[in-house]
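Notes follow once the structure below has been shown.
The values are calculated or read from the model by the stated rules, or taken from the named source; none is laboratory data. Everything quoted here is computed from the prediction, not taken from an experiment. Please note: Cβ atoms are built from the backbone with ideal geometry, for glycine as well, and neighbour counts cover all protein chains shown. Just so you know, the surface numbers come from the protein's heavy atoms only, side chains and all, with ligands and any DNA or RNA stripped out. Shrake-Rupley method; radii C 1.70, N 1.55, O 1.52, S 1.80 Å.
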Amino acid sequence: MGIISFILIGSSLAFPAVALYALWWAGREGQLRHHDKAALLPFDQEEPLGQMTDVVLNRSSFPKQTLTNKA
Amino acid sequence: MAALSPWDSNLGQSNRAQLAEIDASCRGSVLLFFLSGMLWLLAGTVLALLASYKLHAPGFLGDAAWLTFGRIRTAHLNAVIYGFSAEVAVGVILWLMCRLCRVPLMAQSLINSAAVLWNIGLVIGIVGILAGDTTGVEYLELPKYCTPILFLSFALIAVWTIVIFRFRREKHLYVSQWYILAAVLWFPWLYSTAQLLLVMDPARGAVQAAVNWWYGHNVLGLWFTPVGLASIYYFLPKVIGRPIHSYYLSVLGFWTLALFYNWNGFHHLVGGPFPAWMITISIVASVMMIIPVVATAINHHFTMIGHFGKLKYSPTLRFIVFGAMSYTVSSLQGVLSAVRWFSETAHFTHHTVAHAHWGMYAFFTMTMFGSMYYILPRITQREWPSERLISLHFWCTAVGIILYVAPLSWGGWLQGKAMLDAQIPFLEVVKVTLPYLKLRTVTGVILAVGHVAFFANICWLLVRTFGPYRQPEPMILAGVQPQTAPVGK
Amino acid sequence: MNYGPLLFLGILFTLASSWFGLVVMPNQQLGSLQPNMDTNTGVVFPQPLPGEAAQGRELYRSLGCNYCHTQQVRREGFGSDIARGWGKRGSVARDYIYDRPVFLGSSRTGPDLTNIGERQPSYEWHYSHLYNPQTTSKGSIMPPYAFLFELRRVGPDGPSTNAVKLGGEFAPEPGWEVHPKPEAKQLVEYLRSLRSSVALPEAPLPKLE
């Protein structure tokens, strides 16, 4: 069991190290701030905020004007 | 608050060309993962039907060792977990990662070979299980001669996900990326520890059971759950066109999940031969899971409020919302099952099986279906050929899985109650479960119809090279006019 | 979000320590348990399985019996395990030190088997039950394992005493008899070896009244 214990304890030291690095990195990159902006990341010019994507079913009854982002 | 993504100006390329390039770059690899995943789903469904039927008609196909319940059930589990779920998850991960990092998928052949390796490893493994080479360790039954192949393949995938991330053009991270990165880092770590301590050089006695459930629970909680949540956090806002209600809550949900989930595993060992501290710690952590679950549920619900009407139009939204709701239900059921008084009755019964399907099917699989409905038309540049098949798929799987899990959860509870009364002979306990087991087979058939409908639609989508697209406006592909003025808010 | 970094620091550390807590700690605490020798009787428990039973254990694994049967008795007062006669005492970690893999099991579609060797020592019963559970337990949903048996012609000296005794609808055609293959024998040896009524310091047997 010597080697196994070594691996186990070794990795339980390595893991926090990686985790700490991730945290430091996230802080430095500003990931922990600007939440309002981050929330907008899925959207862009092509598929902007305020516009539904993926209209596949029942298209005939889909209100036309909401198809454009002027809605 | 600007309406468009605030970082757009950083990007040299026109937005439309960029999206098209990213989607096109994902085509081959993501399709490979999706299609082989779907084939595993079909195989897994057949195995599931056999296993379910055998459980109330034990003599059925009972004459050959490879068809015996213990092997068919195990082959089913591994086909749907490591075949369907994992492969589709990887496809979704790749596409989401490329989209959110705003980079095309690089070195597709590497990813493709990972997919091929994974499938080869898994075929060998499942045949091995049917031939009797299972390791006998739950959730890790694949024999040890195939797991190195799987590990290699997964290492490629994980490394490549990180490479994509490294070369991202969008500097800022969305919460989905947190979940995905965590998942691809957690899984190899879980898998290698478990392989080492359970299969390669088994730890002593009961320690194996500890590692087993540490793995078994975490593979759901730290691999499938994050991928499912990453999808929900992306597609829910994306489809309805509105940002997530509270980004802060989503980040909180992520970190509390990371904090508590991996301590949960030993609630599978309540009443087992272990020191009390081990079990208690997991029960406490399981109860703490209420925090991320409720945070996530509130967040999703408040995002959806006022937009439920959109369910009518979007298959993605239907599946994703179904998945998100099931996540809440199944997680709360999980919390309940961890508590000692509940576990005393429900442990060792079909309640556990039902719970596993709440999580892996009603939450995860439905979420993956939803994601595939969004991704496939975009990477293939084709619209879904048949609305009928989409509806059939949705209603069969939604109704089917509810009829599966709700009654079986209850049946398991009754089974547990009967088992607790030592005066009731065991064969009477068996009788209590029979109606629920039979109902399960029926719902299995309904689910199978849904799967076939989905698969047919995908194949149709792929062969439909010709023919007019439906209408220009509807949104999937050609639809939207290039935007000039952003919407103010 | 000024507390953010602090919060995450705590969380990340806990994440790592959970692994330490659920894998490393159990391994340190339970990973080197040794069998116990009773100072009065000299009985050592648990013992490694003898050859045939060990082969039977492999069959138990390969056929997936562990998906319907547990091998763990919950202590008195938690569940009805002891009242159902599945064991005289609760199971403890030391009971499993020779098991690779451990068959604690997670489902009781069938009864617990921790102590089946004591509860049901009869070869005849086990053969008949494995051949087709309906022979002994009408209405059981345990699958038949008839493929562990073979049909043989009745010899010139009349029916063999080794043949499985099957009556009524389960009996083979006249002139034939059902014999256990070596695998069936091994499996039954394994089942008969499952006995847990030996006291351990941490798990004494209840006093007889």
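Between B:Arg340 and B:Val127, the simple spin-label model (points 7 angstrom out along Cα→Cβ) gives 5.0 nm. With all projection directions averaged, the alpha carbon convex hull of the protein assembly as shown covers 35.6 nm². Dipole magnitude for chain B: about 940 debye, using +1 per Lys or Arg Cβ and -1 per Asp or Glu Cβ, origin at the Cα centre.
Taking GluC sites (Glu not before Pro) across region C:81-161, none is in a DSSP loop with at most 16 further Cβ atoms lying within 10 angstrom of its Cβ. Each 5 Å bin, from zero up to the one with the longest distance, holds this percent of the alpha carbon pairs of region B:38-133: 3, 13, 19, 19, 14, 11, 8, 6, 4, 2, 1, 0.
Under the simplified labelling scheme, the B:Phe151-B:Val163 pair shows an inter-label distance of 2.1 nm, with each label point 7 Å from Cα along Cα→Cβ. Rounded to 0.05, the FRET efficiency of the C:Gln47 and B:Val294 pair, given R0 = 41 Å and the Cβ-Cβ distance, is 0.25.
Please work out the C-alpha center-to-center distance from region B:29-43 to region B:62-106 and express it in whole Å. Using only Cα atoms to place each centre, the spacing works out to 8 Å. Put simply, chains B and A cover up around 5200 Å² of each other's accessible surface, both sides summed, when a 1.4 Å probe is used. Taking the Cα centroid of region C:57-93 and of region B:138-217, what is the distance between the two, rounded to the nearest whole Å? Cα centres, region C:57-93 to region B:138-217: 31 Å. Separation of region C:145-169 and region B:438-456, taken as the distance between their Cα centroids, equals 42 angstrom.
Considering region B:203-354, its Cα convex hull presents a mean projected area of 9.6 nm².
Expressed as cubic angstrom per residue, what is the convex hull volume of the alpha carbon set of region B:267-355? Intermediate values should be presented prior to the final figure.
On the way: hull volume 8.8 nm³, N = 89.
Enclosed volume per residue, from the Cα hull, is 99 Å³.
Placing unit charges on the Cβ atoms only, positive for Lys and Arg and negative for Asp and Glu, gives region B:54-172 a dipole magnitude near 640 debye about its Cα centre.
State the extension gain, in nm to one decimal, for the chain segment bounded by B:Leu462 and B:Phe60, taking 0.36 nm per residue of separation less the distance between their alpha-carbons.
Values: separation 402, 0.36 × 402 = 144.72 nm, distance 3.77 nm.
Separation in residues times 0.36 nm, less the Cα-Cα distance, equals 140.9 nm.
Accessible area per residue for the protein assembly as shown is 38 Å², calculated with a 1.4 Å probe on protein heavy atoms, without ligands, DNA or RNA.
Summing charges over all other residues whose Cβ lies under 12 Å from the Cβ of B:Ala346, with Lys and Arg as +1 and Asp and Glu as -1, gives +2. Loop-located chymotrypsin sites (Phe, Trp or Tyr not before Pro) in region B:75-157 (DSSP state other than H, G, I, E, B) with a sparse environment of at most 13 neighbouring Cβ atoms within 10 Å: B:Tyr145. For the residues of B:209-215, the average number of beta carbons from a partner chain within 10 Å of their own beta carbon is 6. Taking all Cα pairs closer than 8 Å and separated by 6 or more residues, the relative contact order of chain C comes to 24 percent. Ranked from largest, the principal axis spans of the Cα set of region B:285-423 equal 62, 30, 25 Å. Shielding value for B:367-378 is 1, the average number of Cβ atoms from other chains within 10 Å of each residue's Cβ.
Note on the protein assembly as shown: dipole from Cβ charges, positive end direction compared against B:Val329, C:Leu22, B:Ile424; the farthest Cα belongs to B:Val329.
With the cut-off at 22 Å, tell me which of the pairs A:Lys37/B:Lys312; C:Lys88/C:Lys138; B:Lys54/C:Lys138; B:Lys431/C:Lys185; B:Lys438/C:Lys138; B:Lys238/B:Lys312 have Cα atoms farther apart than that.
Working: A:Lys37/B:Lys312 29 Å; C:Lys88/C:Lys138 27 Å; B:Lys54/C:Lys138 16 Å; B:Lys431/C:Lys185 30 Å; B:Lys438/C:Lys138 18 Å; B:Lys238/B:Lys312 16 Å.
Long pairs (Cα-Cα over 22 Å): A:Lys37/B:Lys312; C:Lys88/C:Lys138; B:Lys431/C:Lys185.
Can you work out D for chain B in µm² s⁻¹ from Stokes-Einstein, where Rh is the Kirkwood radius over C-alpha pairs, the temperature is 37 °C and the viscosity is 0.692 mPa s? So the translational diffusion coefficient is about 140 µm²/s. Treat region C:70-209 as a sphere of radius equal to its Kirkwood radius over Cα pairs and apply Stokes-Einstein at 20 °C in a medium of 1.002 mPa s; give the translational diffusion coefficient in µm²/s, rounded to a whole number. Estimated via Stokes-Einstein, D reaches 126 µm²/s.
I need the calculated FRET efficiency for the pair B:Val442 and C:Asp38, taking r as the beta carbon distance and R₀ as 51 Å, to the nearest 0.05. Spell out each step's value before the answer.
On the way: r = 54 Å, r/R0 = 1.07.
Efficiency for this residue pair is about 0.40.
Solvent exposure of C:Arg195, expressed as accessible area, is near 100 Å², computed with a probe of 1.4 Å over the protein chains only.
Once you list every other residue whose beta carbon is under 13 Å from the beta carbon of B:Ile93, what net charge do they have if Lys and Arg are +1 and Asp and Glu are -1? Provide the component values of the computation, followed by the final result.
Working: positive: B:Arg99; negative: B:Glu87.
Around B:Ile93, the surrounding residues sum to 0.
Charges were assigned to the Cβ only: +1 to each Lys and Arg, -1 to each Asp and Glu. The resulting dipole of region B:300-402 about its Cα centre is roughly 260 debye.
Report the far tail of the P(r) of region B:86-189, meaning the percent of Cα-Cα pairs longer than 20 Å. All intermediate terms of the calculation are to be shown ahead of the outcome.
Details: 2302 of 5356 pairs.
More than 20 Å apart: 43 percent of the Cα pairs in region B:86-189.
Positive end of the dipole of region B:16-172 (Cβ unit charges, origin at the Cα centre): among B:Gly128, B:Phe167, B:Val92, the Cα lying farthest that way belongs to B:Phe167.
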